[in-house]
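The values are calculated or read from the model by the stated rules, or taken from the named source; none is laboratory data. Predicted, not measured: the structure shown is a model, and the values here were computed from it. Cβ: placed from backbone, ideal geometry, glycine included. Neighbour counts: every protein chain shown.
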DNA sequence: TGTTAGCACTCTTAATTCATGAGTGCTAAG
DNA sequence: CTTAGCACTCATGAATTAAGAGTGCTAACA
């Protein structure tokens, strides 16, 4: 593809992203002074169409970028649009003031993401990954009831109400807690050996039944519970896009986005790629979502993969801006989380 | 309002709810055999219109219920439509299998609510209300870091990462935890007196600085943190309604619903009313949301107000069904939560 | 050989017109 | 008080038309 074709393709995509209208040869000649006439541009456009980078909605309409067109643009033509100093400041100040717990950081990130891009934002909360027990505790909550607390050394916290025999007293629970805590501490789920379990049973023979319960819960709770929490916001922004003036489209999109699992799938898969990933149209493997793209990037905590953040918008989205924003936000998010977990065993 | 007018109003509203089309005298005479001719119906309709219960979108269209019309219907004419046995079963089975923690129950309730009504569901998680400390604990999480855990006797759990002097050792934290736990146990936020604080300081004079921190956090965390969590789901259902085929409307609605605070306001205010409250159109005090109604009901935990659940749909919603569903769901939700907190000091 | 002006052709979009029909209100008769 | 009849209104949708944007092709030009 020669330089002039690139110029023209760039012009088409830039214009289409800005206006959402099919763009014709005349427009390009007028707005983007490339020093060539509409007729020449038409010839080049015919070539570009043949190559599959642009297409015509119908004869006698201008051209519209195809998915491969956007792909080429993102890969070779696009210049990132750096954040304005005002935007940078907004981000810094928000992160400075509102970083209390993980949930809040996730939510803040999502809000900023959608606010800055004016598209929908998706943020996955950090996957806990393998981590070791720090503290286990059973707390009596009235006759026959107890709350089980498990704190992991990565700062994650699990809790669950459990039924216990009424005969168990608070001191009993205290004893059990101490033993469990002491024995499990430092172990990960996987490193718990039968020998360890046996030791625990030996020390707490009297409380065999409640132990069964507790150990089951630990096993079950820790493998199932961290069902990836997802922040999703700014969906209404997408409705500003003319391509979503069709209510049917909106409906299918909304109903899909309400399924956490689906959203989670959309976001996952790019964790190993180092930087920002752009998925255009069908590259998001989801038949039902049409005319959409995502810009995704993983964030890290203490060097380890944490989760991903992403922006969902129309294929005609402002990639130049969004890519910058997403990248900037991963940096901020990573930093915020790292500060929060600072001092954890690396 | 005489009986015949009531019959006609009922017919109009029933038909309009079913079809979303303005309903004319002819239709009523044909479909609802009231034994009177279209002409008579027309006369009555003219009266009903004068009374403000119905209105005409334009001359030569049928009549449409006004907000007062719906109000009259809900108050005097409506017959609740009880749940089918299949629906009852669906609810029972879901509650039987998925009641682990509060969050899950809230989510389940919302899902069922929107699934059964085919409108949007809003569920407020239980306000914790005044409750007493059960357990306080500081857990070292690496140099200079600790996690503070506070368990209340109503089963709510608060946690927070805190920075502590690096000089503090794990046994120190252990000591502090024990004292705090012992002293605070049984007290509510409000019943903590200066004398108690002094006692604590006396016993832990060595750790004055960390105590300051911890007590501050407790105060702050417990008053601020329970920022009403809200479940919102099934919004896409509303898009099935013909009155929401206008994308602008959808957009404003969506953007409002993304603000948790706003949703919270919508839901609140009906806690003292004993049963189901129906808010029609402007009765929801929200200018921006138009052509919508809500059916709201409070749920209780152990006799105390817990929170509210609600269904948001078009003013033309199927009140007869929704009211039943909402009421049924409050019962189920209350029961589920009560079971979960069973044994708490009444 | 590449570029450009000119031109006929296509096809969408918006505006206009027109007919249809649903529904009303009024009047007068039962 | 009820109802049949009738003239009138007005939204809706179909059909027609005009305008305009954009193309591809051809032929002339550098």
Out of (1) under 30 Å from residue A:309 (Cα atoms); (2) modelled with pLDDT of 80 or more; (3) out of contact with any strand residue (DSSP E or B) (no Cβ under 9 Å at 6 or more places or on another chain), the odd one out for residue A:224 is which?
-> (2)
Kindly establish whether residue B:136 is more than 37 Å from the chain's Cα centre (by Cα) and crowded, with 17+ Cβ neighbours inside 10 Å.
-> no
Can you give me the number of residues within the stretch B:29-63 that are within 12 Å of DNA strand D (Cβ to nearest atom) and touching a helix residue (DSSP H, G or I) at 6+ places or on another chain (Cβ under 8 Å)?
-> 13
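A quick yes/no check of all residues on (1) crowded, with 20+ Cβ neighbours inside 10 Å; (2) more than 14 Å from chain B (Cβ to nearest Cβ); (3) over 20 Å from residue A:119 (Cβ atoms):
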site: A:283; (1), (2), (3): no, yes, no
site: A:292; (1), (2), (3): yes, yes, no
site: A:295; (1), (2), (3): yes, yes, no
site: A:319; (1), (2), (3): yes, yes, no
site: A:330; (1), (2), (3): yes, yes, no
site: A:335; (1), (2), (3): no, yes, yes
Can you give me the number of residues within the stretch B:32-53 that are surrounded by 14 or more Cβ atoms within 10 Å (Cβ to Cβ) and more than 9 Å from DNA strand C (Cβ to nearest atom)?
-> 9
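Just the residues that are loosely packed, with under 15 Cβ neighbours inside 10 Å, in contact with a helix residue (DSSP H, G or I) (Cβ under 7 Å, 6 or more places away or on another chain) and outside any helix (DSSP H, G or I), please, taken from the stretch A:15-28. Write out each step before concluding.
Looking only at the stretch A:15-28, we keep the residues that are loosely packed, with under 15 Cβ neighbours inside 10 Å, and these are A:18-21, A:26.
Pick out the ones that are also in contact with a helix residue (DSSP H, G or I) (Cβ under 7 Å, 6 or more places away or on another chain) and you get A:20, A:26.
Residue satisfying the conditions is A:20 alone.
With the condition kept exactly as written, say whether any residue in the stretch A:66-73 is exposed (fewer than 14 other Cβ atoms within 10 Å of the Cβ), at negative phi, in the same structural domain as residue A:25 (by TED's automatic domain parsing) and within 16 Å of DNA strand D (Cβ to nearest atom).
Here is the first cut: in the stretch A:66-73, the residues exposed (fewer than 14 other Cβ atoms within 10 Å of the Cβ) are none.
No, the stretch A:66-73 contains no residue that is exposed (fewer than 14 other Cβ atoms within 10 Å of the Cβ), at negative phi, in the same structural domain as residue A:25 (by TED's automatic domain parsing) and within 16 Å of DNA strand D (Cβ to nearest atom).
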Residue within the stretch B:303-320 that is assigned to a helix (DSSP H, G or I), modelled with pLDDT of 95 or more and not assigned by TED's automatic domain parsing to the domain that holds residue B:55 present | yes
Exactly one condition in (1) within 14 Å of another protein chain (Cβ to nearest Cβ); (2) in contact (Cβ under 8 Å) with a residue 24 or more places away in the chain; (3) in contact with a strand residue (DSSP E or B) (Cβ under 6 Å, 6 or more places away or on another chain); (4) surrounded by 19 or more Cβ atoms within 10 Å (Cβ to Cβ) is not met by residue B:141; state its number.
-> (2)
Within the stretch A:256-281, the count of residues that are at pLDDT below 95 and out of contact with any strand residue (DSSP E or B) (no Cβ under 7 Å at 6 or more places or on another chain) comes to 8
Within the stretch A:252-302, how many residues turn out to be touching a helix residue (DSSP H, G or I) at 6+ places or on another chain (Cβ under 7 Å), touching a residue at least 60 places away in the same chain (Cβ under 8 Å) and in a helix (DSSP H, G or I)?
-> 4
Kindly provide the set of residues from the stretch A:33-42 that are closer than 10 Å to residue A:8 by Cβ, assigned to a helix (DSSP H, G or I) and more than 42 Å from the chain's Cα centre (by Cα), ordered by number.
-> A:40
How many residues, within the stretch B:59-68, are near DNA strand C (Cβ under 10 Å from one of its atoms) and farther than 16 Å from residue B:20 by Cβ?
-> 2
Kindly indicate whether any position in the stretch A:79-93 is touching a residue at least 12 places away in the same chain (Cβ under 8 Å) and either within 14 Å of DNA strand C (Cβ to nearest atom) or more than 33 Å from the chain's Cα centre (by Cα) (or both).
-> no
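Restricting attention to the stretch A:169-203, report how many residues are buried (at least 16 other Cβ atoms within 10 Å of the Cβ) and modelled with pLDDT of 85 or more. Even if it seems obvious, please write down each step before you answer.
So in the stretch A:169-203, the residues buried (at least 16 other Cβ atoms within 10 Å of the Cβ) come out as A:172-173, A:175-177, A:179-181, A:183-184, A:192, A:200, A:203.
Next cut, modelled with pLDDT of 85 or more only: A:172-173, A:175-177, A:179-181, A:183-184, A:200, A:203.
Counting residues in the stretch A:169-203 that are buried (at least 16 other Cβ atoms within 10 Å of the Cβ) and modelled with pLDDT of 85 or more gives 12.
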Limited to the stretch B:8-27, what total is found for residues that are more than 12 Å from DNA strand D (Cβ to nearest atom) and farther than 17 Å from residue B:316 by Cα?
-> 1
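One line per residue, one yes/no per condition, for (1) within 12 Å of chain A (Cβ to nearest Cβ); (2) modelled with pLDDT of 90 or more; (3) under 30 Å from residue B:215 (Cα atoms):
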position	(1), (2), (3)
B:92	no, yes, no
B:104	yes, no, no
B:112	no, yes, no
B:126	no, no, yes
B:131	yes, no, yes
B:147	yes, no, yes
B:158	yes, no, yes
B:167	no, no, yes
